[in-house]
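This report refers to the structure that appears directly beneath it.
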Amino acid sequence: MQPEALSTKVHVEHLERRAYVYVRQSTYYQVENHRESQLRQYNLAAYALQLGWPRERVVVVDEDQGKSCANSRSGFGRLVTAVGLGEVGIVMSLEASRLARNSPDWHNLIYMCRYTDTLIADEHGVFDPSAATDRMVLGLRGQMSEIELDTSIHRMMAGRMNKAQRGEFLVYPPAGYDIDDLDQLVMSTD
(Lines give C-alpha, C1' and ligand atoms only; values in the text may rest on other atoms or scores of the structure.)
Protein backbone atom coordinates (compact mmCIF):
# COMPACT_ATOMS: atom_id res chain seq x y z
CA MET A 1 0.00 0.00 0.00
CA GLN A 2 1.43 3.29 -1.07
CA PRO A 3 -0.53 6.08 0.65
CA GLU A 4 1.28 8.92 -1.05
CA ALA A 5 0.23 7.63 -4.48
CA LEU A 6 -3.34 6.90 -3.36
CA SER A 7 -4.09 9.91 -1.18
CA THR A 8 -5.09 12.12 -4.13
CA LYS A 9 -8.68 10.91 -3.63
CA VAL A 10 -8.62 11.68 0.10
CA HIS A 11 -9.77 15.25 0.80
CA VAL A 12 -10.19 17.31 3.96
CA GLU A 13 -13.93 16.50 4.04
CA HIS A 14 -13.09 12.79 4.24
CA LEU A 15 -10.51 13.30 6.98
CA GLU A 16 -13.02 15.23 9.08
CA ARG A 17 -15.15 12.10 9.29
CA ARG A 18 -14.19 8.65 10.56
CA ALA A 19 -12.27 5.87 8.87
CA TYR A 20 -14.05 2.55 9.42
CA VAL A 21 -11.87 -0.56 9.22
CA TYR A 22 -13.94 -3.73 8.82
CA VAL A 23 -12.28 -6.93 10.09
CA ARG A 24 -13.97 -10.29 9.58
CA GLN A 25 -13.24 -13.96 9.22
CA SER A 26 -16.13 -16.33 8.55
CA THR A 27 -15.47 -19.08 11.05
CA TYR A 28 -14.03 -19.46 14.55
CA TYR A 29 -11.47 -21.85 13.04
CA GLN A 30 -10.20 -19.03 10.81
CA VAL A 31 -10.13 -16.61 13.74
CA GLU A 32 -8.06 -19.07 15.79
CA ASN A 33 -5.79 -20.45 13.06
CA HIS A 34 -5.44 -17.85 10.31
CA ARG A 35 -3.75 -15.14 12.32
CA GLU A 36 -1.87 -13.67 9.36
CA SER A 37 -5.11 -12.75 7.60
CA GLN A 38 -6.37 -11.22 10.82
CA LEU A 39 -3.16 -9.22 11.25
CA ARG A 40 -3.33 -7.92 7.68
CA GLN A 41 -6.90 -6.74 8.31
CA TYR A 42 -6.03 -4.98 11.55
CA ASN A 43 -3.07 -3.32 9.79
CA LEU A 44 -5.56 -1.36 7.70
CA ALA A 45 -5.93 0.92 10.73
CA ALA A 46 -2.28 1.90 10.25
CA TYR A 47 -3.01 2.45 6.57
CA ALA A 48 -5.79 4.89 7.57
CA LEU A 49 -3.24 6.79 9.69
CA GLN A 50 -0.86 6.94 6.73
CA LEU A 51 -3.64 8.35 4.59
CA GLY A 52 -4.09 11.18 7.11
CA TRP A 53 -6.80 10.09 9.56
CA PRO A 54 -6.05 10.93 13.19
CA ARG A 55 -6.00 7.87 15.48
CA GLU A 56 -9.10 9.01 17.39
CA ARG A 57 -11.15 8.92 14.15
CA VAL A 58 -10.17 5.38 13.14
CA VAL A 59 -12.90 2.90 14.10
CA VAL A 60 -12.14 -0.81 13.93
CA VAL A 61 -15.28 -2.90 13.49
CA ASP A 62 -14.41 -6.47 14.41
CA GLU A 63 -17.44 -7.86 16.23
CA ASP A 64 -18.37 -10.02 13.22
CA GLN A 65 -15.35 -12.27 13.70
CA GLY A 66 -16.33 -15.93 13.38
CA LYS A 67 -19.64 -15.13 11.66
CA SER A 68 -20.45 -16.13 8.13
CA CYS A 69 -22.42 -13.79 5.91
CA ALA A 70 -25.38 -16.13 6.35
CA ASN A 71 -25.60 -15.02 9.98
CA SER A 72 -26.61 -11.63 11.31
CA ARG A 73 -23.62 -9.31 11.27
CA SER A 74 -24.12 -6.46 13.73
CA GLY A 75 -20.76 -4.90 12.86
CA PHE A 76 -21.63 -4.67 9.17
CA GLY A 77 -24.98 -3.13 10.12
CA ARG A 78 -23.24 -0.58 12.34
CA LEU A 79 -20.86 0.31 9.50
CA VAL A 80 -23.68 0.72 6.95
CA THR A 81 -25.66 2.88 9.40
CA ALA A 82 -22.66 5.15 9.98
CA VAL A 83 -22.13 5.48 6.20
CA GLY A 84 -25.80 6.32 5.70
CA LEU A 85 -25.61 9.01 8.38
CA GLY A 86 -22.62 10.62 6.62
CA GLU A 87 -20.25 9.91 9.52
CA VAL A 88 -17.70 7.92 7.49
CA GLY A 89 -14.98 9.32 5.25
CA ILE A 90 -13.60 5.95 4.19
CA VAL A 91 -14.54 2.27 4.54
CA MET A 92 -11.51 -0.02 4.63
CA SER A 93 -11.47 -3.77 4.22
CA LEU A 94 -8.87 -6.28 3.09
CA GLU A 95 -11.10 -7.31 0.19
CA ALA A 96 -14.65 -6.84 -1.02
CA SER A 97 -15.67 -10.28 0.20
CA ARG A 98 -15.04 -9.22 3.81
CA LEU A 99 -17.77 -6.61 3.48
CA ALA A 100 -20.45 -8.43 1.50
CA ARG A 101 -20.77 -11.90 0.00
CA ASN A 102 -23.69 -11.06 -2.26
CA SER A 103 -24.12 -8.47 -4.96
CA PRO A 104 -27.15 -6.63 -3.53
CA ASP A 105 -25.38 -5.90 -0.19
CA TRP A 106 -22.18 -4.88 -1.96
CA HIS A 107 -23.87 -2.66 -4.55
CA ASN A 108 -26.08 -1.02 -1.90
CA LEU A 109 -22.95 -0.16 0.09
CA ILE A 110 -21.23 1.22 -3.03
CA TYR A 111 -24.20 3.43 -3.86
CA MET A 112 -24.61 4.56 -0.27
CA CYS A 113 -20.92 5.52 -0.27
CA ARG A 114 -21.41 7.29 -3.59
CA TYR A 115 -24.18 9.50 -2.28
CA THR A 116 -22.52 10.23 1.08
CA ASP A 117 -19.11 10.97 -0.49
CA THR A 118 -17.49 8.04 1.32
CA LEU A 119 -14.37 6.41 -0.10
CA ILE A 120 -13.74 2.66 -0.14
CA ALA A 121 -10.22 1.26 0.29
CA ASP A 122 -8.62 -2.16 0.28
CA GLU A 123 -5.14 -3.53 -0.17
CA HIS A 124 -5.20 -2.44 -3.83
CA GLY A 125 -6.01 1.21 -3.34
CA VAL A 126 -8.52 3.92 -2.59
CA PHE A 127 -11.70 4.07 -4.65
CA ASP A 128 -14.18 6.90 -5.01
CA PRO A 129 -17.65 5.46 -5.68
CA SER A 130 -18.79 8.79 -7.14
CA ALA A 131 -16.35 8.20 -10.03
CA ALA A 132 -17.83 5.93 -12.69
CA THR A 133 -14.59 4.03 -13.31
CA ASP A 134 -13.99 3.34 -9.61
CA ARG A 135 -17.62 2.28 -9.20
CA MET A 136 -17.23 -0.14 -12.12
CA VAL A 137 -14.08 -1.67 -10.59
CA LEU A 138 -15.78 -2.03 -7.19
CA GLY A 139 -18.84 -3.61 -8.82
CA LEU A 140 -16.72 -6.13 -10.72
CA ARG A 141 -14.79 -7.03 -7.59
CA GLY A 142 -18.02 -7.67 -5.72
CA GLN A 143 -19.29 -9.89 -8.51
CA MET A 144 -16.01 -11.80 -8.62
CA SER A 145 -16.25 -12.33 -4.88
CA GLU A 146 -19.77 -13.72 -5.21
CA ILE A 147 -18.72 -16.01 -8.08
CA GLU A 148 -15.75 -17.20 -6.03
CA LEU A 149 -18.10 -18.14 -3.19
CA ASP A 150 -20.52 -19.93 -5.53
CA THR A 151 -17.64 -21.83 -7.13
CA SER A 152 -16.30 -22.91 -3.73
CA ILE A 153 -19.72 -24.14 -2.63
CA HIS A 154 -20.21 -26.00 -5.90
CA ARG A 155 -16.79 -27.63 -5.56
CA MET A 156 -17.54 -28.78 -1.99
CA MET A 157 -20.97 -30.13 -2.95
CA ALA A 158 -19.51 -32.01 -5.93
CA GLY A 159 -16.90 -33.57 -3.64
CA ARG A 160 -19.58 -34.67 -1.18
CA MET A 161 -21.68 -36.13 -4.00
CA ASN A 162 -18.66 -38.09 -5.27
CA LYS A 163 -18.07 -39.54 -1.82
CA ALA A 164 -21.77 -40.34 -1.42
CA GLN A 165 -21.85 -42.15 -4.77
CA ARG A 166 -18.94 -44.31 -3.58
CA GLY A 167 -20.75 -44.88 -0.27
CA GLU A 168 -18.01 -43.10 1.69
CA PHE A 169 -19.81 -39.93 2.71
CA LEU A 170 -20.84 -40.34 6.30
CA VAL A 171 -22.65 -37.78 8.35
CA TYR A 172 -23.69 -37.81 11.96
CA PRO A 173 -26.69 -40.11 12.25
CA PRO A 174 -30.01 -38.64 13.34
CA ALA A 175 -31.16 -39.06 16.92
CA GLY A 176 -31.98 -42.68 17.71
CA TYR A 177 -29.51 -44.12 15.18
CA ASP A 178 -25.85 -45.13 15.20
CA ILE A 179 -23.27 -46.18 12.63
CA ASP A 180 -22.13 -49.75 13.24
CA ASP A 181 -18.71 -51.31 12.60
CA LEU A 182 -19.69 -51.98 8.99
CA ASP A 183 -20.52 -48.29 8.46
CA GLN A 184 -24.22 -49.12 8.30
CA LEU A 185 -26.97 -46.97 9.78
CA VAL A 186 -28.64 -48.96 12.56
CA MET A 187 -31.18 -48.19 15.26
CA SER A 188 -29.48 -47.18 18.48
CA THR A 189 -29.47 -49.65 21.34
CA ASP A 190 -29.88 -46.76 23.71
Have a look at the DSSP beta bridges in the chain and tell me what percent are antiparallel, nearest 5.
35 percent
Given backbone amide H placed at 1.01 Å from N, residues whose amide H is under 5 Å from that of ASP117, ignoring those fewer than 5 places away on the same chain, are none
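Determine the relative contact order of the chain: mean sequence separation of Cα pairs under 8 Å and six or more apart, normalised by residue count, in whole percent. Don't skip to the answer; put the middle values down first.
Details: 267 pairs, mean separation 37.4, N = 190.
After rounding, I find 20 percent.
Please give the length that would be gained between GLU95 and GLU16 if that part of the chain were fully extended, namely 0.36 nm times their separation in residues minus their C-alpha to C-alpha distance (nm, one decimal). Don't skip to the answer; put the middle values down first.
Values: separation 79, 0.36 × 79 = 28.44 nm, distance 2.43 nm.
Contour length minus Cα-Cα distance gives 26.0 nm.
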Summing -39500 (n - 2.57) over every DSSP H run of at least 4 residues in the chain and dividing by its residue count gives a helix-only mean residue ellipticity at 222 nm, to the nearest 500 deg cm²/dmol, of -14500 deg cm²/dmol
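Sorting TYR47, TYR177 by accessible area (1.4 Å probe), largest first, what list results?
Values: TYR47 5, TYR177 95 Å².
Largest to smallest exposure gives the sequence TYR177, TYR47.
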For the range 81-139, what does the alpha-carbon gyration tensor say about shape, rounded, prolate or oblate, given a ≥ b ≥ c as the root eigenvalues, a/c under 1.5 as rounded, and a/b over b/c as prolate?
rounded
Between ARG160 and ALA132, what length in nm is gained on full extension when 0.36 nm per residue of separation is reduced by their alpha carbon distance?
5.9 nm
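The values are calculated or read from the model by the stated rules, or taken from the named source; none is laboratory data. Predicted model only: the values in this text are computed from it and were never measured. Heads up: the accessible areas ignore ligands, DNA and RNA and are worked out on the full protein's heavy atoms, side chains in. Shrake-Rupley method; radii C 1.70, N 1.55, O 1.52, S 1.80 Å.
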